[in-house]
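Enquirer: Provided herewith is a single structure, encoded as structure tokens, for subsequent inquiry.
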Amino acid sequence: MTEISPSRSATVKSILRGLRIETPSWAYGNSGTRFKVFAQAGVPRTPQEKIDDAAKVHELTGVAPSVALHIPWDRVDDWAGLAAHARDAGIELGAINPNVFQEDDYKLGSICNPDPGVRRKATDHLLECVEIAEQTGSKILSMWVADGTNYPGQDDIRARQDRLATALREVYDRMPEGMRLLLEYKFFEPAFYTMDVPDWGTSYAHCAQLGPAAQVLVDTGHHAPGTNIEFIVSFLLRAGMLGGFHFNSRFYADDDLIVGLADPFQLFRLMYEVNRGGGLAADSDVAFMLDQCHNIEPKIPAMIRSITNVQEATAKALLVDTDALRAAQEAGDVLGANEVLMDAYHTDVRPLVAELRTDMGLDPDPITAYRRSGYQQRIEAERIGGNAMGWGA
Ligand code: RM4
Ligand code: MN
Ligand code: MN
């Protein structure tokens with residue numbers, strides 16, 4: 001069993017202190033499946049109210065200082081004003097996520113659509129998102145291209161790649177210095193036969209062609225069952241191509257469940273590779289973002305839990321005795337090496353993370369603190385009338 005020494009505990013805590021986890025605006029609104037959206041009391045009616053909820057999560061956890069926006073779901077007239085609202089609430093506006101999947105025009109795709117007019121419209125939306133990012137001070141354009149085909153022969157797979165490359169080039173060239181384009185991949189859904197960016201290799205190839213400000217975004221729910229995601233993470237980090245994450249967990253497909261609940265061991269393995277590859281270093285620009293939907297559970301506590309799950313997995317990853325691990329690996333000690341890893345995984349890090357919160361002047365138990373805060377009762381009372389915002393509303 002691993003005993004956590006005081007010096008090790010101090011190192012782990014200082015790295016955890018520097019961890020930044022961005023929450024998504026859409027997770028605070030109503031969401032559901034294609035069968036039903038279950039409304040919850042107190043959900044935001046405006047982008048400002050989503051920001052307020054994200055700020056509450058940051059206030060209680062201390063490590064969620066920004067919120068990602070989805071355009072047009074979070075569209076406002078005054079972007080600088082929205083950024084100021086966030087600042088007043090104690091957080092910043094984070095990644096801008098364009099939406100090129102929710103209009104009738106996009107039935108056959110957006111930037112890969114066979115119709116040049118539709119491609120123009122979709123590309124213009126992406127360019128608009130670059131502008132929005134400039135106004136909100138966001139440094140990341142987080143792109144998910146939902147394009148693909150449903151039937152063999154439906155469209156020319158190769159031509160679609162050309163269209164994709166053309167649009168990405170135009171967007172990339174429009175980005176100001178210091179902005180990054182993160183290209184997300186997903187193996188299926190909404191299209192069922194081909195996706196135009198189905199996997200990390202496709203994303204990598206397009207990003208490499210674009211230039212250094214384009215990197216791959218790994219959404220943990222976007223792989224075929226059984227895919228070894230930590231291998232992908234390790235490979236991308238080594239190549240300097242891991243831009244960031246959309247954390248969530250899944251049992252079957254893109255379930256968007258709370259990160260670390262379906263498979264905490266996977267999250268640990270992933271964070272181990274992130275650390276191994278330098279992704280937790282002070283100068284790393286790997287963006288840790290959540291991309292979840294809380295269909296049946298209360299949303300703000302779910303976000304808090306997601307953050308504590310990431311912190312705990314990271315703490316365990318940081319507890320791996322790397323010297324012992326290397327020695328076992330070099331000696332070809334298969335079981336010994338695995339034992340080093342498992343030792344760290346089985347360590348109860350909850351007291352350490354609670355101590356970190358106390359060090360940071362926070363309540364050691366953020367979910368109980370939330371329940372006590374009265375915030376939930378207040379939003380349920382105040383946010384009556386008007387339309388509750390939801391996924392796509
Ligand atoms: C997609 C993808 C995107 C997210 C949308 C809502 O499956 O994960 O990142 O913005 O869902
Ligand atoms: Mn995602
Ligand atoms: Mn997804």
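Enquirer: Determine the pairs where a residue that is within 12 Å of Leu181 (Cβ to Cβ) and within 16 Å of ligand 2 (Cβ to nearest atom), located within the range 124-150, has a partner that is in a helix (DSSP H, G or I) and polar (S, T, N, Q) with Cβ atoms under 8 Å apart, the partner being 6 or more residues away or on another chain.
Expert: Pairs that qualify, where the first residue is within 12 Å of Leu181 (Cβ to Cβ) and within 16 Å of ligand 2 (Cβ to nearest atom) and the partner is in a helix (DSSP H, G or I) and polar (S, T, N, Q): there are none.
Enquirer: Oh, and also: Just one of Val340, Val310 is on the phi < 0 side of the Ramachandran plot and in contact (Cβ under 8 Å) with a residue 24 or more places away in the chain; which is it? Outline the logic, then answer.
Expert: Details: Val340 fails: in contact (Cβ under 8 Å) with a residue 24 or more places away in the chain.
It is Val310.
Enquirer: Of the conditions (1) open to solvent by 70 Å² or more (accessible area, probe 1.4 Å); (2) free of Cβ contacts under 8 Å to residues at least 24 places away in the same chain, Gly117 satisfies every one except a single condition; which number is it?
Expert: Of everything listed in (1) open to solvent by 70 Å² or more (accessible area, probe 1.4 Å); (2) free of Cβ contacts under 8 Å to residues at least 24 places away in the same chain, Gly117 misses just condition (1).
Enquirer: I need the full set of residues from the range 252-271 which are open to solvent by 40 Å² or more (accessible area, probe 1.4 Å) and within 16 Å of ligand 1 (Cβ to nearest atom), in order please. Give the steps one after another, and end with the answer.
Expert: If we filter the range 252-271 for residues that are open to solvent by 40 Å² or more (accessible area, probe 1.4 Å), which is where we start, we get 252, 255, 257, 261, 263-266, 269.
Within the range 252-271, Tyr252, Asp255, Leu257 meet the criteria.
Enquirer: Please find, within the range 164-190, the residue that is farthest from ligand 2 (Cβ to nearest atom) out of those that are assigned to a helix (DSSP H, G or I) and open to solvent by less than 40 Å² (accessible area, probe 1.4 Å).
Expert: Within the range 164-190, the subset assigned to a helix (DSSP H, G or I) is 164-174.
Now narrow it down to the ones that are open to solvent by less than 40 Å² (accessible area, probe 1.4 Å): 164-165, 167-168, 171-172.
On the way: Leu164: 18, Ala165: 22, Ala167: 19, Leu168: 17, Val171: 18, Tyr172: 20 Å.
Checking each candidate, the answer is Ala165.
Enquirer: Moving to a separate point now. Please pick out the residue among Asp74, Asp53 that is closer than 21 Å to Phe247 by Cβ, within 16 Å of ligand 1 (Cβ to nearest atom), acidic (Asp, Glu) and touching a Lys or Arg at 6+ places or on another chain (Cβ under 8 Å).
Expert: On the way: Asp53 fails: within 16 Å of ligand 1 (Cβ to nearest atom).
Criteria check complete, one pass: Asp74.
Matching residues to (1) touching a strand residue (DSSP E or B) at 6+ places or on another chain (Cβ under 8 Å); (2) assigned to a loop (DSSP other than H, G, I, E, B):
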{"position": "Tyr252", "(1), (2)": "no, yes"}
{"position": "Met289", "(1), (2)": "yes, no"}
{"position": "Ile304", "(1), (2)": "no, no"}
{"position": "Thr308", "(1), (2)": "no, no"}
{"position": "Val320", "(1), (2)": "no, yes"}
{"position": "Leu325", "(1), (2)": "no, no"}
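Enquirer: Let me ask something additional. May I ask you to say which residue of Val197, Val218 is closer than 18 Å to Val171 by Cα and not in a helix (DSSP H, G or I)? Spell out how you get there, then give the answer.
Expert: Details: Val218 fails: closer than 18 Å to Val171 by Cα.
It is Val197.
Enquirer: Answer yes or no: is there a residue in the range 156-176 that is hydrophobic (A, V, I, L, M, F, W, C), modelled with pLDDT of 95 or more and more than 21 Å from Pro116 (Cβ to Cβ). Can you show your working first?
Expert: Step one: list which residues in the range 156-176 are hydrophobic (A, V, I, L, M, F, W, C), which gives 157, 159, 164-165, 167-168, 171, 175.
Remaining after also requiring modelled with pLDDT of 95 or more: 157, 159, 164-165, 167-168, 171, 175.
If we keep only those that are more than 21 Å from Pro116 (Cβ to Cβ) too, we end up with 175.
Scanning the range 156-176 turns up at least one residue that is hydrophobic (A, V, I, L, M, F, W, C), modelled with pLDDT of 95 or more and more than 21 Å from Pro116 (Cβ to Cβ).
Enquirer: Evaluate the following for Gly361: is it over 30 Å from Arg75 (Cβ atoms) and open to solvent by 50 Å² or more (accessible area, probe 1.4 Å)? Write out each step before concluding.
Expert: On the way: over 30 Å from Arg75 (Cβ atoms): yes; open to solvent by 50 Å² or more (accessible area, probe 1.4 Å): yes.
Judged against the criteria, Gly361 is a match.
The values are calculated or read from the model by the stated rules, or taken from the named source; none is laboratory data. Quick caveat: nothing in here was measured; it's all calculated off a predicted structure. A quick note on method: Cβ atoms are made from the backbone with ideal geometry, for glycine too, and the neighbour counts reach across all protein chains shown. What goes into the accessible areas is simple: the full protein's heavy atoms, side chains included, and nothing from ligands, DNA or RNA. Shrake-Rupley method; radii C 1.70, N 1.55, O 1.52, S 1.80 Å.
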